[in-house]
Amino acid sequence: MHIAEGFLPPVHAAGWALAAAPFVIHGARKVVTEVREHPENRLLLGAAGAFTFVVSALKLPSVTGSSSHPTGAGLGAILFRPPVMAFLCTVVLAFQALLLAHGGVTTLGANVFAMGVVGPWVGYAVFRAVGWVAPRESGVAWGPAVFAAVATANLATYVTTSIQLAWAFPDPVSGFIGAAAKFLGIFAVTQLPLAVVEGLLGVLLFRVLGDVAGAQLHNLRRDAADPVAAEVTR
């Protein structure tokens, strides 16, 4: 989600910026390491960033002060691990705030934390969990793992944004819990179908990448303990 410019109280905006900063710095170092050690993956890294930029720029109004859209972060997390996406999402969100008036500079930390930290880590955890529970030897294809990871990364982002907004604007009667329930309920109307669509798009894109960049994908999946990834580059 993109929380609009100036919508969060200054203390909340600063707090989320401080919370996101360590992840972004670590992600920047991971990007430098990836490019230095595997220069052949530069184009794929650029494609992951471009995909995130394009799909997350599709703004659908949801509630006052925010919007609903795909995120693209789950796919990048599968390809390059979550730390890299913290940095890529920061670049994406900064460009969108400055060039498209989508999101904001003061709310950049909150948006990065939701879309660049929580979303990728949740999506990647789901990807690994599905691969561990249903390895390739069981006959389960990699598609469900990619779909689940991309869709849950999307949903985790909207859940985090709902919590951020509820924390900043608690309900006068029911407080934080009541506000969170309201934000989650409103966002669900648009975000649930968007998560499904993004999950399907992620599966399709992975299939295309496997056809046109199979060698690069194989190099990216250097973890031999990841059975789903082995199936992707089979």
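The values are calculated or read from the model by the stated rules, or taken from the named source; none is laboratory data. Quick caveat: nothing in here was measured; it's all calculated off a predicted structure. Cβ atoms come from the backbone with ideal geometry, glycine included; neighbour counts cover every protein chain shown.
When ALA94, ALA73, ALA19, ALA48 are screened for being in contact with a Gly (Cβ under 6 Å, 6 or more places away or on another chain) and modelled with pLDDT of 90 or more, only ALA73 passes.
Identification of helices (runs of 4 or more DSSP H) wholly contained in the range 1-103 with 3 or more residues that are within 16 Å of PHE113 (Cα to Cα) and either among the acidic types (Asp, Glu) or touching a Ser or Thr at 6+ places or on another chain (Cβ under 8 Å) (or both) yields 10-37, 73-80, 82-99. Hey, any hits in the range 8-16 for a residue that's over 25 Å from ALA179 (Cα atoms), hydrophobic (A, V, I, L, M, F, W, C) and out of contact with any strand residue (DSSP E or B) (no Cβ under 9 Å at 6 or more places or on another chain)? Scanning the range 8-16, I find no residue that is over 25 Å from ALA179 (Cα atoms), hydrophobic (A, V, I, L, M, F, W, C) and out of contact with any strand residue (DSSP E or B) (no Cβ under 9 Å at 6 or more places or on another chain), so the answer is no. The single condition among (1) more than 16 Å from the chain's Cα centre (by Cα); (2) crowded, with 18+ Cβ neighbours inside 10 Å that PRO10 does not meet is (2). Determine whether PHE95 is surrounded by fewer than 21 Cβ atoms within 10 Å (Cβ to Cβ) and under 13 Å from the mean Cα position of the chain (by Cα). When the stated conditions are applied, PHE95 does not pass them. Counting only residues that are touching a helix residue (DSSP H, G or I) at 6+ places or on another chain (Cβ under 7 Å) and either modelled with pLDDT of 60 or more or under 16 Å from HIS69 (Cα atoms) (or both), the range 181-216 holds 16 of them. Has the range 30-40 got any residue that is basic (Lys, Arg), in contact with a helix residue (DSSP H, G or I) (Cβ under 6 Å, 6 or more places away or on another chain) and either farther than 24 Å from VAL203 by Cβ or surrounded by 19 or more Cβ atoms within 10 Å (Cβ to Cβ) (or both)? Yes, because at least one residue in the range 30-40 is basic (Lys, Arg), in contact with a helix residue (DSSP H, G or I) (Cβ under 6 Å, 6 or more places away or on another chain) and either farther than 24 Å from VAL203 by Cβ or surrounded by 19 or more Cβ atoms within 10 Å (Cβ to Cβ) (or both). Summed over the range 98-115, the residues that are without any contact (Cβ under 8 Å) to a residue 24 or more places away in the chain and surrounded by 13 or more Cβ atoms within 10 Å (Cβ to Cβ) give a count of 1.
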